[in-house]
1. Kirkwood Rh, Cα Rg: Rg to Rh for segment 1-78?
2. Fewest first, what order do D71, D15 take by the number of other Cβ atoms within 10 Å?
3. Could you tell me which residue out of V93, G60, L116 lies farthest along the dipole of the chain toward its positive end? Charges go on the beta carbon: Lys and Arg +1, Asp and Glu -1, centred on the Cα centre.
4. Might you report the magnitude of the Cβ-based charge dipole of the chain about its Cα centre, with Lys and Arg at +1 and Asp and Glu at -1, to the nearest 20 debye?
5. Which ordering of E31, E139, E44 is given by a fewest-first count of other beta-carbon atoms within 10 Å?
6. Using θ = phi - 60° and the Karplus form 6.51 cos²θ - 1.76 cosθ + 1.60, what ³J(HN,Hα) does each residue of segment 42-52 get, whole Hz, x for Gly and Pro?
7. In what order do K14, K120 fall by count of nearby beta-carbon atoms within 10 Å, going from fewest to most?
8. If amide hydrogens are placed 1.01 Å from N in the peptide plane, which non-local residues have theirs closer than 5 Å to the one on L117?
Amino acid sequence: MYPIGIIHSPFTEKDQTPIQSSRSQAIGRVELYPEFADGLRDIEGLSHIYLLYVFHRSSGYSLQVKPFLDDQEHGIFTTRYPQRPNPIGISIVRLLSHQGNILAIEGVDVLDGTPLLDIKPYVPDFDLRTNDVRVGWYETRSKE
């Protein structure tokens, strides 16, 4: 895999960055490399997109981690912790505008300069919609 662009955000330090896009109203930009700009055709018809990216400032990993929202350890694959065997992140953001190879987005939750791997449309008919979702430890986490 290789980056297809860069995500620009107002966040330059890890401790400034929101822990999830659903908790962010920050505005950012996605800059696709020019050779991938044709892939943005028709994107302005979307309200939300998935961004897949590299946690480029994370190093190493542990299979047991203490996530930001709990004080107990959990398996890495039950969290969205950034230090992972393959440091791939995912965010759903609101698409504000598209001009050339630039997308303006809202809900950015990554560090400035984050390498972008892919963009996918958020489509409710394709994405799971159910009332019987279980979220494991997140339901019983310490809320302090």
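Here, each number is a calculation from the coordinates, and none is a lab measurement. Since the structure is predicted, the reported quantities are computational estimates derived from the model, not experimental observations. With ideal geometry, Cβ positions are generated from the backbone for all residues, glycine too; neighbour counts draw on all protein chains shown.
1. With Rh from the inverse mean 1/r over Cα pairs, Rg/Rh is 1.02.
2. Details: D71 9, D15 5.
Starting with the residue having the fewest Cβ neighbours, the order is D15, D71.
3. Going by the Cα projections, it comes out as G60.
4. Working: 14 positive and 19 negative charges, 49 e Å.
Charge dipole of the chain: 240 debye, to the nearest 20.
5. Numbers: E31 17, E139 7, E44 13.
Starting with the residue having the fewest Cβ neighbours, the order is E139, E44, E31.
6. Rounded to whole hertz, the list is 6, 5, 5, x, 9, 9, 9, 9, 8, 10, 10.
7. Working: K14 11, K120 14.
Exposure proxy ranking, most exposed first: K14, K120.
8. Distant-sequence amide H within range of L117: I4, L52, Y53, V54.
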